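Notes for the one structure printed next.
Each value in this text was obtained by applying a stated rule to the coordinates, not by laboratory testing. Just so it is clear, the model here is predicted, and its values are computed rather than measured. Positions of Cβ are backbone-derived with ideal geometry, glycine not excepted, and every protein chain shown enters the neighbour counts.
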Amino acid sequence: MSARPTAAIFALCMAALLACGCAPTGFAPTLELREPDASALAKTTADVAKALNGGGWPAPDWVRQFGDPQLDGLVAEAYAHNPDLQVAKARINSAQAQLQQLSSLTGLIATAGATVSKARMPQTDSVANVSANGYDIPVQLFGDASQTPSSLFVGLDYQLDLWGRNKAATRGLLSLRDAARVDAEQVRLTLAVAIVTLYCELDHAYALRDLWVEKRDAGDQIAGALRERAARGIDNHYDAEEAAVRRNKLIAQIALADERIQLAQLQLGVLSGGGPERGLALTRPHPVNLADAPLPAQLPADLLGRRPDIVAARLRVEAAYAAIDGTRAEFYPDVNLVGFAGLLALTPGALFSRQALSGSIGPAVSLPIFDRKRLMAKLNGNTANADVAIGLYNKTVDAALGDVARTLVSLSTLDRLVAGERDAADAAQRSVSIAEERHRRGLLMQKDVNSVKLTLYDERAQLIDLLAQRRALRVALIGQLGGGFDKRTLQATPISRLNAAFPTHDGLTDTHFD
């Protein structure tokens, strides 16, 4: 071949290399990650008592603060047997398997093989003419048309990954793997909050039932006295019948409390993973009241790293950026180092002769010359997916701040209601004391004393309801503050649109699902 055609082919190859080895510009996410400032909840937290400010985050073992071994055991059972957690663990294993699969397909790949076949070789009157110096020389190709080609070979393919496509894919899968692990922590937190909330509701139902029973007994005394007075003609039967109506309402309230107790037990059994009737074996709860834990000083900013759902959403943003980097790398030539060595012969007997040795080594270059439109569409899709991930992250942040703000407002309102109801209950208790003193002096009948006690029972029931609501909000706030989760269990690096630096995510220090 002359020098001119060789130069032309070389120039054509270089032009193709320059044409296809350039990633397009202008493909970047249009959304930005939302980072709330320190004043994001300033007005909301201003209404909270000063005692709730300047504190720390919930402890990882916050469930033990209730001091109820039965509750601790129930949560431990749920962690071991709940189907939602089992699904979360399976998703972690699936993400880890994808990462291992990618690892097995990158770097140095070695293959080995052996072949033996029966073939009939071409014949042209048993000779083939070969031109040499202008003369046709007949050469016998094969003495026998039937041959048995055999081979024994080893192939090596090393992906140089000059443009970082495999590295980007690895970063993306690492982020998705860690997102699955953080999702599992979110499932654990949601499950713990649900169990503790339901367990406190069970305690609430027991307390109300005790109160209704006391009120029923007091009402029975009033009804008996009214019936006796009506029988003597002192009073009419109206008051006695009205007392009977009130008694029937109390019996209905007791039955409803029994239903609430059983339903809560059945649901606790379901959440524990032991089946509904597992909950029927639960005894009466004895949780202690949660102390008012102070709120963290830098609540809005630090919340981003304390809630598993926010951390998982951010990891998915990192995975989306990695996908963009990987697609950009596909616009450049793919250069691999390929090697081959083996034994090739026309017969098995000649396979292990010195003449059967063969081999080659050299670069293999793949140019996406006619694939540019597909890659641009793929890059556009990756960019759109990044916008989706960023939007979902921002939505998660807004929802988290909203959850905390609403809970703080409700807690502030309940604090005022509880204080007022305590005063009302104390006033009702003083009224009972005064009525009993007047009864001892003969100035008041027993039925009137019992009527005053019924008012006290109503105030106590209202106070029990308010305290139960407040305890439920305290538990919800623990979950909304992350339940002791901390993003520092991950090796995280801030994300930048223009210069994305991604973490290695070697793993979580929490090994619940390892």
Fill in the blank from the handout: Simple SL model, points at 7 angstrom along Cα→Cβ for Ala80 and Ala110; separation in nm is 4.5 nm
Fill in the blank from the handout: Checking rank on 353-362, 151-160, 212-221, with mean other Cβ inside 10 Å and highest first, the result is 212-221, 151-160, 353-362
Practice task
First measure r as the distance between the Cβ atoms of Leu417 and Arg438, then evaluate 1/(1 + (r/R0)^6) with R0 = 41 Å and state the FRET efficiency to the nearest 0.05.
Solution key: 0.85
Problem - Kirkwood-Stokes translational diffusion coefficient of segment 331-483, alpha-carbon pairs, 25 °C, 0.890 mPa s, µm²/s - result: 100 µm²/s
Handout entry: Candidate lysines for bridging to Lys487, where Cα separation is under 30 Å - those fewer than 8 sequence places away on the same chain excluded
Key = Lys43, Lys50, Lys89, Lys167, Lys395
Completion exercise
Against the 2.2 N^0.38 Å rule of thumb, the C-alpha Rg of segment 287-399 sits at a ratio of 2.11
Fill in the blank from the handout: Against the 2.2 N^0.38 Å rule of thumb, the C-alpha Rg of segment 249-329 sits at a ratio of 1.98
Practice task
Report the convex hull volume per residue for segment 394-464, counting only C-alpha atoms, in Å³.
Solution key: 58 Å³
Problem - Cross-link partners of Lys453 among lysines (Cα-Cα below 19 Å; sequence separation of 8 or more within a chain) - result: Lys215, Lys249
Exercise for the section: Give, in nm to one decimal, the length gained when the segment between Ala350 and Asp157 is fully stretched (0.36 nm per residue of separation minus the Cα-Cα distance). Expected result: 66.7 nm
